[in-house]
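Below: one structure, written as structure tokens.
The values are calculated or read from the model by the stated rules, or taken from the named source; none is laboratory data. The structure displayed is predicted, hence computed values, not measured ones. Heads up, the Cβs are rebuilt from the backbone with ideal geometry, glycines too, and the neighbour counts pull from every protein chain shown.
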Amino acid sequence: MGQKNTKNTKRDNSGSSTAATWKIPFALGLTLGASIAFFCMPYIPSMQRMVDIADDAVTSVKNEKLPELKFTFYNDLKTAEIEVSDSQIETEKIKKSLYFLQAGSFQSLDDAENQRIELLLLNLDSKIEAVTSSSGERWHRVLVGPFANKAKVSSSRAKLSQNQIDSFLLERSM
């Protein structure tokens, strides 16, 4: 490899001129800022005046009496009676449901399988359910779940909506 010929290369002397170019705008900006501050000084209220205004505000607030608050719900809750019928308790115990989210319905099994794989990548348990419609067409539903309660359903539904997948809730009794 050959060495660079330093005798024939031109030197760039622009380094010294760039050092001077920032000083002029800096000096002009400093002068302009100082002159604006000097001319605006009479219009700015004094610090003592601002302290007086703050003191007046504090004393006026201290002189105002606030009405006393009385909370009665403590006693109301202790003495309140809520009637719950036995039949309502029994039906809630008996009624157990599983919840599913339908994330798609496809005529093609391949499309349904692609949707199921996408849901598995989102860490959602899913399955495909084949259904025959009243007109005899075969559809493949992609179901997410089952879920025991609606809180788990809502978190999965939020994850689906974040990924632009429409869904609706299916409730099936056990």
Look at the range 156-174 and say how many of its residues are on the phi < 0 side of the Ramachandran plot and either in a loop (DSSP other than H, G, I, E, B) or among the aromatic types (F, W, Y) (or both). 6
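Looking at the structure I just gave you, is N149 within 32 Å of the chain's Cα centre (by Cα) and touching a residue at least 12 places away in the same chain (Cβ under 8 Å)?
Values: within 32 Å of the chain's Cα centre (by Cα): yes; touching a residue at least 12 places away in the same chain (Cβ under 8 Å): yes.
Taking the combined requirement at face value, the residue satisfies it.
Condition check ((1) in contact with a Phe, Trp or Tyr (Cβ under 9 Å, 6 or more places away or on another chain); (2) at pLDDT 85 or above) across all residues:
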position	(1), (2)
A130	yes, yes
G145	yes, no
K152	yes, no
S161	no, yes
F168	no, no
R172	yes, no
Yes/no for F106 being out of contact with any Gly (no Cβ under 9 Å at 6 or more places or on another chain), at pLDDT 85 or above and within 22 Å of S156 (Cβ to Cβ): yes
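Could you tell me which residue of the range 156-174 is surrounded by the fewest Cβ atoms within 10 Å (Cβ to Cβ), considering only residues that are of a type outside the set (S, T, N, Q) and farther than 25 Å from D110 by Cβ?
M174
Mind checking which residues of the range 130-155 are in a strand (DSSP E or B) and surrounded by 14 or more Cβ atoms within 10 Å (Cβ to Cβ)?
Listed by number, the residues that qualify are W139, H140, R141, V142, L143, V144, G145, P146, F147.
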